[in-house]
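Shown next, in structure tokens, is the structure this report addresses.
The values are calculated or read from the model by the stated rules, or taken from the named source; none is laboratory data. Since the model is a prediction, treat every value here as computed from it, not as a measurement. Cβ sites come from the backbone with ideal geometry, for glycine too, and all protein chains shown count toward neighbours. Accessible surface areas use protein heavy atoms only, side chains included; no ligands, DNA or RNA. Shrake-Rupley method; radii C 1.70, N 1.55, O 1.52, S 1.80 Å.
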Amino acid sequence: MQTLAAALVVAGSAVAIVRTRGYIVPKDRKLMALTAWQYEVVGHAARRIVAPDRPFDPTIPSADELDVAGFVDGWVFRLPARVQRDLGRFLAFVEHLAPLGVGFGSRFTRLGPAQQDSVLSSLESSSSDLLRAGFDGLRSLVFMGYYRDARTWGIVSYDGPLVNRPSGGWR
């Protein structure tokens with residue numbers, strides 16, 4: 001029994017090492033809380049969560065232009081360790097297991113946009129309170145990272161905060 005348990009641990013470790021390889025973080029990016037694979041999962045999820053309704057409208061900035069994944073990394077750095085751990089576990093679920101639940105055999109970050117949308121939709125509408133809450137948390141982090149930039153305010157017809165408002169407005 002001990003030999004079987006040890007073999008499972010070794011096999012599981014080998015799979016984990018293989019499954020968390022091949023992620024690329026820009027050379028100028030110093031991660032604070034997220035690992036390279038977590039940063040990439042957040043980046044892919046952000047691109048889908050804030051995908052523009054008008055994809056060819058140059059006035060709508062992308063999640064990459066606004067460095068949403070970088071914002072999330074900095075925000076998560078300030079969270080308690082157990083919350084960081086829970087987010088990491090949820091991101092692992094999104095990357096490796098959630099695609100299987102909707103019939104895809106690949107990692108989330110290797111799926112096409114429509115397939116990623118299916119995975120995220122399945123999390124959003126899951127019968128599991130835990131998965132829905134995880135998705136809500138990820139979506140909230142992405143929205144905070146995206147809508148913090150004044151270039152996004154017009155998309156939702158928001159003309160900026162009243163506090164410290166310039167006399168001519170924010171635009």
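The residues of region 127-157 that are in a helix (DSSP H, G or I), among the hydroxyl-bearing types (Ser, Thr, Tyr) and open to solvent by less than 70 Å² (accessible area, probe 1.4 Å), listed by number, are Ser140, Tyr146, Thr152.
Scanning region 31-74 for residues that are at pLDDT 95 or above, part of a loop (DSSP other than H, G, I, E, B) and open to solvent by 40 Å² or more (accessible area, probe 1.4 Å) turns up Leu31, Met32, Thr35, Ser62, Asp64, Glu65, Asp67. Close contacts from region 26-39, counting a first residue that is under 14 Å from Asp64 (Cβ atoms) and a second that is open to solvent by less than 60 Å² (accessible area, probe 1.4 Å) and part of a helix (DSSP H, G or I), with Cβ to Cβ under 7 Å and a gap of 6+ residues or different chains, come to Arg29/Gly70; Tyr39/Ala69; Tyr39/Asp73. Take the residues of region 75-85 that are touching a residue at least 24 places away in the same chain (Cβ under 8 Å) and assigned to a helix (DSSP H, G or I): which is surrounded by the most Cβ atoms within 10 Å (Cβ to Cβ)? Ranking the qualifying residues of region 75-85, first place goes to Val76.
Is it fair to say Gly112 is surrounded by fewer than 12 Cβ atoms within 10 Å (Cβ to Cβ), within 24 Å of Asp67 (Cβ to Cβ) and under 21 Å from the mean Cα position of the chain (by Cα)? Yes; evaluated as a whole, the condition is true for this residue.
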